[in-house]
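First up is the structure itself, then whatever we jot down about it.
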Amino acid sequence: MISKAFQVFWVLFGATLIVTGMLRLVPGDPVDHILGEQATQQARMQLSRDLGLTDAHGVRVGYLRQYGNFIQKIATNELTSYRTREPVMSIIAGRLPYTGVLALASMLFAICLGPILGVMAAWKRGRLLDQFLRLVALLGISVPRFFFAPLLLLAFSIYWSIFPISGATDGLLSLVLPALSLGFAMAAVQMRFTRASILEVMSTDYIRTARAKGLSERVVYFKHALRNALMPVITVIGMELGSLLAGAVVVEKIFSWPGIGLLLLESIQQLDMPMVQGVVLVIAFFYVVTNLVTDWVYGLIDPRVRVS
């Protein structure tokens, strides 16, 4: 547990170093890039203070002091958006539930579909069902989300008018198409990993022993093979869940879903650097937490991992 806490600390420490140091990697003065040369001197000084590049008297500070000021502002929720003048973390906290709900709905759809189809494909290996499921999985992986999401939008919102076109004001109906857009590709990846993992496990000695005992194929697959085959699948699920927070940018933009992905995209377009820094930090934090949860689930499924 202590080693995991140190890992979290070092990852977040590295993330804060990157988001504060990237301002100094910009050629020239970052204030000029954001405001332009026509900005007033007062606006330039205000932005320099917001970015931590100068102190309250307008004197340029070094990187260590800039980093310390950034950490202090994050800890006290004093890091403000350049555009709205509202605390960055408060704005993110208001958007985060939308992304969380979307990520969980997408992952639930993928988990309910991907591993089960993977087991079925492995069970019927080489047959028509296996070939069909592999084709569907290939389509799910190959079709990019920025193409698949508008197709869903055209079919189910414009042509048939079943689901709302955009926004999150219609509750669960608003969630269906964004979750399907994100979850379809994840389900395809999980199906392929599950199928490959099941086929590998099925060639081991203990599976041959189970069959020699006269157990049915259903019991062999779902009781003995599936549990050991889930380890690589869980790794994939953990990585996908972490990447959902950042990877939902395109889908949130297409469906105008008010999550932190859309917030990040809007902040980049408006050159709102404090907001970009805050969103990147939050994404890094949840990515680390997701990986910790994945390690914990390892121990639940395989006691050998917990003992080691």
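Look at Gly94 and say whether it is small (Gly, Ala, Ser), touching a helix residue (DSSP H, G or I) at 6+ places or on another chain (Cβ under 6 Å) and closer than 30 Å to Lys253 by Cα. Steps first, answer last, please.
Working: small (Gly, Ala, Ser): yes; touching a helix residue (DSSP H, G or I) at 6+ places or on another chain (Cβ under 6 Å): no; closer than 30 Å to Lys253 by Cα: yes.
No: the conditions fail for Gly94.
Assess whether Thr20 counts as being touching a helix residue (DSSP H, G or I) at 6+ places or on another chain (Cβ under 6 Å) and touching a residue at least 40 places away in the same chain (Cβ under 8 Å). Give the steps one after another, and end with the answer.
Working: touching a helix residue (DSSP H, G or I) at 6+ places or on another chain (Cβ under 6 Å): yes; touching a residue at least 40 places away in the same chain (Cβ under 8 Å): yes.
Yes, satisfied.
Note down all Cβ pairs under 8 Å where the first residue falls in the stretch 195-217 and is without any contact (Cβ under 8 Å) to a residue 12 or more places away in the chain, the second is aliphatic (A, V, I, L, M) and surrounded by 11 or more Cβ atoms within 10 Å (Cβ to Cβ), and they're at least six residues apart or on different chains.
Pairs that qualify, where the first residue is without any contact (Cβ under 8 Å) to a residue 12 or more places away in the chain and the partner is aliphatic (A, V, I, L, M) and surrounded by 11 or more Cβ atoms within 10 Å (Cβ to Cβ), are Arg211/Val220.
Out of the residues in the stretch 37-58 that are part of a loop (DSSP other than H, G, I, E, B) and aliphatic (A, V, I, L, M), state the one that is surrounded by the fewest Cβ atoms within 10 Å (Cβ to Cβ). Show your work before the answer.
Residues of the stretch 37-58 that are part of a loop (DSSP other than H, G, I, E, B), as a first pass: 37-40, 51-53, 55-58.
Still in the list and also aliphatic (A, V, I, L, M): 39, 51, 53, 56.
Numbers: Ala39: 14, Leu51: 20, Leu53: 19, Ala56: 7.
Across the stretch 37-58, the extreme among qualifying residues is Ala56.
Which pairs turn up if I take residues in the stretch 172-187 that are within 15 Å of Ser256 (Cα to Cα) and look for partners that are of a type in the set (Gly, Ala, Ser) and crowded, with 24+ Cβ neighbours inside 10 Å with beta carbon separation below 7 Å, at least 6 apart in sequence or on another chain?
Ala179/Ser106; Leu182/Ser106; Leu182/Ala248
Restricting to the stretch 280-308, and then to whatever is in a helix (DSSP H, G or I) and small (Gly, Ala, Ser), can you tell me which residue is modelled with the highest pLDDT? Quick ask: steps written out before the conclusion?
Within the stretch 280-308, the first condition is being in a helix (DSSP H, G or I), and the residues that meet it are 280-301, 303-307.
Filter again for small (Gly, Ala, Ser), leaving 284, 299.
Values: Ala284: 85, Gly299: 71.
The extreme case among them is Ala284.
Going by the structure shown, is Ser157 within 24 Å of Glu240 (Cα to Cα) and hydroxyl-bearing (Ser, Thr, Tyr)?
On the way: within 24 Å of Glu240 (Cα to Cα): no; hydroxyl-bearing (Ser, Thr, Tyr): yes.
No, not satisfied.
Is there a residue being of a type in the set (A, V, I, L, M, F, W, C), part of a helix (DSSP H, G or I) and open to solvent by 60 Å² or more (accessible area, probe 1.4 Å) anywhere in the stretch 224-235?
From the stretch 224-235, those of a type in the set (A, V, I, L, M, F, W, C) are 225-226, 229-231, 233-234; that's our starting set.
Then keep just the ones that are part of a helix (DSSP H, G or I); that gives 225-226, 229-231, 233-234.
Applying the additional criterion that residues be open to solvent by 60 Å² or more (accessible area, probe 1.4 Å) yields none.
No: the stretch 224-235 contains no residue that is of a type in the set (A, V, I, L, M, F, W, C), part of a helix (DSSP H, G or I) and open to solvent by 60 Å² or more (accessible area, probe 1.4 Å).
Only one residue in Ala196, Ala155 is more than 21 Å from Val119 (Cβ to Cβ) and either modelled with pLDDT of 85 or more or crowded, with 20+ Cβ neighbours inside 10 Å (or both). Which one?
Working: Ala196 fails: more than 21 Å from Val119 (Cβ to Cβ).
Testing whether each residue is more than 21 Å from Val119 (Cβ to Cβ) and either modelled with pLDDT of 85 or more or crowded, with 20+ Cβ neighbours inside 10 Å (or both) leaves just Ala155.
If I go through the stretch 131-152 residue by residue, how many of them are over 22 Å from the mean Cα position of the chain (by Cα) and either farther than 26 Å from Ile207 by Cβ or at pLDDT below 90 (or both)? It would help to see each step written out before you state the result.
Taking the stretch 131-152 as the starting set, the residues that turn out to be over 22 Å from the mean Cα position of the chain (by Cα) are 131-136, 151.
Next, only the ones that are either farther than 26 Å from Ile207 by Cβ or at pLDDT below 90 (or both) stay: 135-136, 151.
The qualifying residues number 3.
Regarding Ile74, is this residue open to solvent by less than 60 Å² (accessible area, probe 1.4 Å) and modelled with pLDDT of 80 or more?
Values: open to solvent by less than 60 Å² (accessible area, probe 1.4 Å): yes; modelled with pLDDT of 80 or more: yes.
So Ile74 passes the test.
Considering only residues that are of a type outside the set (Gly, Ala, Ser) and not in a helix (DSSP H, G or I), look in the stretch 160-202 and name the one that is farthest from the chain's Cα centre (by Cα).
Quick first cut of the stretch 160-202, residues of a type outside the set (Gly, Ala, Ser) only: 160, 162-165, 169-170, 172-173, 175-178, 180, 182, 184, 186, 189-195, 198-202.
With the extra rule that they be not in a helix (DSSP H, G or I), the set shrinks to 160, 162-165, 169-170, 202.
Numbers: Trp160: 30, Ile162: 28, Phe163: 24, Pro164: 24, Ile165: 23, Thr169: 23, Asp170: 24, Met202: 32 Å.
So the residue we want is Met202.
Give the stretch 258-279 a look and list any residue that's surrounded by 18 or more Cβ atoms within 10 Å (Cβ to Cβ), under 15 Å from the mean Cα position of the chain (by Cα) and in a helix (DSSP H, G or I), or say none.
Ile260, Gly261, Leu262, Leu263, Leu264, Val279
So in the stretch 136-147, with the set limited to residues that are closer than 20 Å to Leu244 by Cβ and out of contact with any Leu (no Cβ under 9 Å at 6 or more places or on another chain), which one is most open to solvent (accessible area, probe 1.4 Å)? If you could, list the steps in order and put the result at the bottom.
Start the filter on the stretch 136-147 by keeping residues that are closer than 20 Å to Leu244 by Cβ, which leaves 137, 140-147.
Then keep just the ones that are out of contact with any Leu (no Cβ under 9 Å at 6 or more places or on another chain); that gives 140-142, 144, 146-147.
On the way: Gly140: 2, Ile141: 79, Ser142: 74, Pro144: 48, Phe146: 137, Phe147: 111 Å².
Applying the filter and picking the extreme gives Phe146.
Going by the structure shown, is Leu241 part of a helix (DSSP H, G or I), open to solvent by less than 40 Å² (accessible area, probe 1.4 Å) and closer than 16 Å to Leu96 by Cα? Lay out the reasoning, then the answer.
Working: part of a helix (DSSP H, G or I): yes; open to solvent by less than 40 Å² (accessible area, probe 1.4 Å): no; closer than 16 Å to Leu96 by Cα: yes.
For Leu241, the condition - part of a helix (DSSP H, G or I), open to solvent by less than 40 Å² (accessible area, probe 1.4 Å) and closer than 16 Å to Leu96 by Cα - is not met.
The values are calculated or read from the model by the stated rules, or taken from the named source; none is laboratory data. In this text, all values refer to a predicted model and were calculated from it rather than measured experimentally. Quick reminder, even Gly has a Cβ in these numbers, built from the backbone with ideal geometry, and neighbours come from all protein chains shown. Surface areas here come from the heavy atoms of the whole protein model, side chains and all, with no ligands, DNA or RNA. Shrake-Rupley method; radii C 1.70, N 1.55, O 1.52, S 1.80 Å.
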